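The structure appears below as structure tokens.
All of the numbers you see were taken from the coordinates with simple rules; none came from a lab. This is a predicted model, so every value here is computed, not measured. Methodologically, a virtual Cβ is constructed for each residue, glycine included, from the backbone with ideal geometry; neighbour enumeration extends over all protein chains shown.
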């Protein structure tokens with residue numbers, strides 16, 4: 001099973017809490033559940049813009065951020 005399909009199957013098993021959304025990070029497609037309030041952070045907004053540039057807005061894999069998991073974890077530590 002390819003990575004994207006596996007991530008999709010796993011994502012369907014886990015419900016996202018209200019007020020949060022899911023992003024996938026890095027080649028390994030690590031799943032992060034982040035609060036909607038992150039959408040107000042300028043650094044996070046730039047990362048979303050890069051994701052849109054690379055993958056478009058209708059990516060069947062969901063929101064895939066163009067960075068590795070450790071970089072993303074540093075970003076969300078704000």
Exercise for review: Fewest Cβ neighbours within 10 Å first, please rank 23, 64 accordingly.
Suggested key: 64, 23
Revision key, fill the gap. When 29, 36 are arranged by how many other beta-carbons sit within 10 Å of their Cβ, fewest first, they go 36, 29
Study note, to complete from the structure: Residues 34, 25 in order from fewest to most other beta-carbon atoms within 10 Å are 34, 25
